[in-house]
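> The structure's right below; bear with me while I get my questions together.
The values are calculated or read from the model by the stated rules, or taken from the named source; none is laboratory data. Owing to the predicted nature of the structure, the values given are computational and were not obtained by experimental measurement. Because the Cβ atoms are built from the backbone with ideal geometry, glycine has one as well, and the counts that use them run over all protein chains shown. The protein model used for the area step is the full one, side chains on, heavy atoms only, and it has no ligands, DNA or RNA in it. Shrake-Rupley method; radii C 1.70, N 1.55, O 1.52, S 1.80 Å.
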Amino acid sequence: MGATAHLLDLQQLDLAIDRLRARKAAIESGAELSAARAEADAAEAVLGEHRLQMDVLDRDATKVEHEIDSLSQKAAAEETRMSSGAVANARELEAMSHEVANLRRRIADREDELLVIMERREALERSAAEAERVATERREAAERVRAASAGELDEVEGELATREAERPAAAAAIDPDTLALYEELRPLKKGVAAAALDDNVCQGCHEQLSSVEIDHVRHQGDVPRCEHCRRILVL
């Protein structure tokens, strides 16, 4: 392997460091926790809306119940007067009878209205129960993310420190010119500056090299590079 000896070891170490740094940044940004809390807040907002609608229906039901009670009392009072014998005039009795019938119709209408309100509330109550379940689950999930993030950050920082401490020795084992080229290529190749040549295929871009290029790579004095992606080849 010559100048590229140990280059893949450094490549794997650098990729591990990149992943750990990215994970550390993600944890410190709080993006995952913010997303979990946003989901919990959205679920609780849905629950709050259901509860507001239930309160409105409760007020509507109370109002209708009061109307039914008032109408019932009026009807009962008219019926008591009619049956008491205190009213002897036929026309007045007939008018009272019509009034009672009208009151009973209004009571029936209000009772139908109350039934609709109660049915709507029952359906809304079921939806609210489901919304409460979802809100609880999401709030608990957000708390788990918060707790896990704190522990994970310590773990990631520890592993990152270990890997970063290993890098100077890994880099020192590589020819300085090859190392300089490697460092130059890494930001241009998404962190992967070196790749193995396996069965004449570059494992960086997965393109097959021509037989002419293979011969050139194997016998040239310079650092071997892929003709397609220009990564450093490790033979």
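> Check which residues have an amide H placed less than 5 Å from D175's amide H, if you skip close sequence neighbours.
none
> Please express the shape of the stretch 5-148 as an equivalent ellipsoid: the semi-axes are the square roots of 5 times the eigenvalues of the C-alpha gyration tensor, given largest first in whole angstrom.
Over the Cα atoms of the stretch 5-148, the semi-axes work out to 73, 10, 8 Å.
> Additional query: At 0.36 nm per residue, and after removing the present C-alpha to C-alpha distance, how many nm does the segment from L8 to R120 gain when stretched out fully? Mind showing how you got there, number by number?
On the way: separation 112, 0.36 × 112 = 40.32 nm, distance 6.73 nm.
Roughly 33.6 nm would be gained on extension.
> Working out 0.36 nm times the residue gap between E183 and E32, then minus their Cα-Cα distance, what length gain in nm do you get to one decimal? Walk me through the intermediate numbers first.
Details: separation 151, 0.36 × 151 = 54.36 nm, distance 3.17 nm.
So the extension gain works out to 51.2 nm.
> Subtracting the Cα-Cα distance from 0.36 nm times the residue separation, let me have the gained length for R19 to L52 in nm, one decimal.
In short, 7.2 nm is gained.
> Which percent of the accessible heavy-atom area of the chain goes to carbon and sulfur, probe 1.4 angstrom?
50 percent
> Can you give the relative contact order of the chain as a percent, counting alpha carbon pairs under 8 Å and 6+ residues apart? Kindly include the intermediate steps, with their values, before the conclusion.
Details: 209 pairs, mean separation 77.1, N = 235.
Value for the chain: 33 percent.
> Show that you can apply the helix-only estimate: for the chain, add -39,500 (n - 2.57) for every DSSP H stretch of four or more residues, divide by all residues, and state [θ] at 222 nm to the nearest 500.
-28000 deg cm²/dmol
> Mind telling me which of I27, I17, I117 comes out most flexible in a GNM of the chain, alpha-carbon contacts under 10 Å?
I117
> Positive end of the dipole of the chain, charges at C-beta (+1 Lys, Arg; -1 Asp, Glu), about the Cα centre: which of A36, S211, M96 has its Cα farthest in that direction?
Farthest towards the positive pole: M96.
> A further question on this structure: Distance between Cα centroids, the stretch 30-69 to the stretch 202-235: provide it in whole Å.
Using only Cα atoms, the two centres lie 65 Å from each other.
> Let me ask you something else. Estimate the FRET efficiency between E132 and H66 by the formula 1/(1 + (r/R0)^6), using the beta-carbon distance for r and 30 Å for R0, to the nearest 0.05.
Approximately 0.50, to the nearest 0.05.
> Okay, next question. In debye, nearest 20, what is the charge dipole magnitude of the chain about its Cα centre with +1 on Lys and Arg Cβ and -1 on Asp and Glu Cβ, if you could check?
Working: 32 positive and 50 negative charges, 58 e Å.
It comes to approximately 280 debye.
> Between E92 and R59, what is the FRET efficiency for a Förster distance of 30 Å, r being their Cβ-Cβ separation, to the nearest 0.05?
0.15
> Which trypsin sites (Lys or Arg not before Pro) in the stretch 143-226 sit in a loop by DSSP (not H, G, I, E or B) and have at most 15 other Cβ atoms within 10 Å of their own Cβ?
Answer by residue number: K190.
> Test of understanding: in a Gaussian network model of the chain with alpha carbons linked when under 10 Å, which of A141, A172, A25 would top the mean-square fluctuation ranking?
In the Gaussian network model the winner is A172.
> FRET efficiency for E227 and A147, Cβ-Cβ distance as r, R0 = 41 Å, nearest 0.05?
0.20
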